[in-house]
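The values are calculated or read from the model by the stated rules, or taken from the named source; none is laboratory data. In this text the structure is predicted, and so the values were computed from the model without any measurement. Cβ sites come from the backbone with ideal geometry, for glycine too, and all protein chains shown count toward neighbours.
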Amino acid sequence: MFTNTAKEKMQSGQPAFGFALGMGSALNAELISRSGIDFVMIDRQHGSWGEDSAIAALVAINGSSAVPMARVARNDYTFVGRLLDEGVMGMVVPMVDTPEQARRAADSCRLPPLGQRSWGWGRAKLYGADYADWINEQLFVAVQLESVEAVGNAEAILSTPGIDGCWTGPSDLSLSLGFHPSEMDDREEHARALESILKACENTGKIPGIAGRSVEDALSRAKQGFRFITATSDGGLLEAGAASAVARLSEFTD
């Protein structure tokens, strides 16, 4: 049996930190998943992944201690099912605004009798012949709450059976609230919306998550009470490393 150590950590009350993978590179996935991070998330919504490259990334990740997760392109039964069949152990579903949409996401992820996932899978067979016996328990399913409507419906959405928690999109939430994401830290309505989501998670016993904008932001969000947190991305790590190297090199004087 595969133990979802990130889910286990979050259920114990601790934050699990992850890196998003958006560059479409299995080599990036292999390198980053071996960093000691709790989970890595293949981003099929905004990342540069095709189906074959996503499978190659999962092959690379499975040799590490990081839990392989993915954000699906949209709340679609087939799209969700294909990622599950290839072996992801965490599923993030974007733009969930209503309990009905949450129910659709849960049904796509969970095998009967908990949901309506179709029986049969591809490379998820590598987890063993008992895969179907434990996948409903070990899979982590998070919906994205990233609109004013979603915040208003947060408790009803999170009460949906089969949903383990959320992953808040703070930038889309800013846009839904009517201002540019660069203003979020200075807008009281943004802070109130995040507090509402945290409260809804507390009331329903579900795991609060958020997309962090940096390592520092991720640590700050963990102090707020969020537990499913992405700290940065492969692109962000590359950019930061390159900028740091250039800054250091620029100190040279002939």
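Okay, here's what the table says:
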{"read-out": "Residue in region 115-140 that is farthest from the chain's Cα centre (by Cα), counting only those that are of a type in the set (Gly, Ala, Ser) and over 19 Å from Val92 (Cα atoms)", "value": "Ala129"}
{"read-out": "Top-ranked residue of region 230-254 - restricted to ones that are of a type in the set (Ser, Thr, Tyr) and out of contact with any Gly (no Cβ under 8 Å at 6 or more places or on another chain), ranked as farthest from Ala20 (Cα to Cα)", "value": "Thr253"}
{"read-out": "Conditions (1) in contact with a helix residue (DSSP H, G or I) (Cβ under 8 Å, 6 or more places away or on another chain); (2) surrounded by fewer than 16 Cβ atoms within 10 Å (Cβ to Cβ); (3) closer than 28 Å to Gly115 by Cα; number of the one not met by Trp134", "value": "(1)"}
{"read-out": "Boolean, Val143 is under 14 Å from Thr98 (Cα atoms), under 17 Å from the mean Cα position of the chain (by Cα) and of a type in the set (Val, Ile, Thr)", "value": "yes"}
{"read-out": "Any pair with Cβ under 9 angstrom, 6 or more apart, that starts in region 169-180 at a residue that is touching a residue at least 24 places away in the same chain (Cβ under 8 Å) and in a loop (DSSP other than H, G, I, E, B) and ends at one that is among the β-branched types (Val, Ile, Thr) and surrounded by 15 or more Cβ atoms within 10 Å (Cβ to Cβ)", "value": "Gly169/Ile210"}
{"read-out": "Residue in region 99-118 that is in contact with a strand residue (DSSP E or B) (Cβ under 6 Å, 6 or more places away or on another chain), crowded, with 23+ Cβ neighbours inside 10 Å and not hydrophobic (A, V, I, L, M, F, W, C) present", "value": "no"}
{"read-out": "Test: residue in region 23-45 that is out of contact with any Ser or Thr (no Cβ under 8 Å at 6 or more places or on another chain), assigned to a loop (DSSP other than H, G, I, E, B) and under 24 Å from Glu155 (Cα atoms)", "value": "no"}
{"read-out": "Top-ranked residue of region 56-93 - restricted to ones that are part of a strand (DSSP E or B) and of a type in the set (Val, Ile, Thr), ranked as farthest from Ser33 (Cα to Cα)", "value": "Val93"}
{"read-out": "Val143 being under 17 Å from Ile197 (Cβ atoms), hydrophobic (A, V, I, L, M, F, W, C), surrounded by fewer than 19 Cβ atoms within 10 Å (Cβ to Cβ) and modelled with pLDDT of 95 or more", "value": "no"}
{"read-out": "Test for Leu219: is it farther than 27 Å from Ser25 by Cβ, surrounded by fewer than 23 Cβ atoms within 10 Å (Cβ to Cβ) and among the aliphatic types (A, V, I, L, M)", "value": "no"}
{"read-out": "Residues located in region 134-149, provided they are in contact (Cβ under 8 Å) with a residue 12 or more places away in the chain and either in a helix (DSSP H, G or I) or in contact with a Leu (Cβ under 6 Å, 6 or more places away or on another chain) (or both)", "value": "Trp134, Ile135, Asn136, Gln138, Glu146, Val148, Glu149"}
{"read-out": "Qualifying residue in region 160-180 (condition: closer than 20 Å to Glu8 by Cβ, surrounded by fewer than 20 Cβ atoms within 10 Å (Cβ to Cβ) and among the acidic types (Asp, Glu))", "value": "no"}
{"read-out": "Members of region 65-85 found to be out of contact with any Pro (no Cβ under 8 Å at 6 or more places or on another chain), in contact (Cβ under 8 Å) with a residue 24 or more places away in the chain, over 18 Å from Gly22 (Cα atoms) and surrounded by fewer than 21 Cβ atoms within 10 Å (Cβ to Cβ), listed by number", "value": "Ser65, Asp76, Tyr77, Gly81, Arg82, Asp85"}
